[in-house]
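Everything below concerns the one structure shown next.
The values are calculated or read from the model by the stated rules, or taken from the named source; none is laboratory data. Every value quoted in this text rests on a predicted model; they were computed, and no experiment measured them. For neighbour counting, all protein chains shown are included, and Cβ atoms are generated from backbone atoms with ideal geometry for every residue, glycine included.
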Amino acid sequence: MVTSISHKNYVGYIRVSGDKQVDEGHSSLETQESRIRATASANDGLVVRLFQDVQSGRRDDRVDDQNMVKYVLEEDVDAVLVQYLDRFGRNPQEILQRIWN
């Protein structure tokens, strides 16, 4: 008998706006990462890459944000996980415009 284990491949994206927020409670980088990994695990998945920026969501030139998009387009990824949707940008309209362009 052959047993195979399958899992979903997730990418995590964590971001804070500045150095002051890096260790700040419910939205710290550590907390965001922990919650993303817990969500992936609860959904039979594995975080295959984690991207991190310490930069304002107003900026479209965030290095790891751009690296994440490139990675997702080139690799076998089932979903991108974030703790809060606003980690991608400042408001839903801006986020959707960036995603669908």
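Structure summary
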quantity: Matching residues in the stretch 48-75 - criterion: being at pLDDT 90 or above and hydroxyl-bearing (Ser, Thr, Tyr); calculated: Tyr71
quantity: Residue match in the stretch 23-44 (condition: modelled with pLDDT of 90 or more, buried (at least 16 other Cβ atoms within 10 Å of the Cβ) and more than 16 Å from Arg87 (Cβ to Cβ)); calculated: no
quantity: The stretch 49-85, residues that are β-branched (Val, Ile, Thr) and outside any loop (DSSP other than H, G, I, E, B); calculated: Val54, Val63, Val69, Val72, Val80
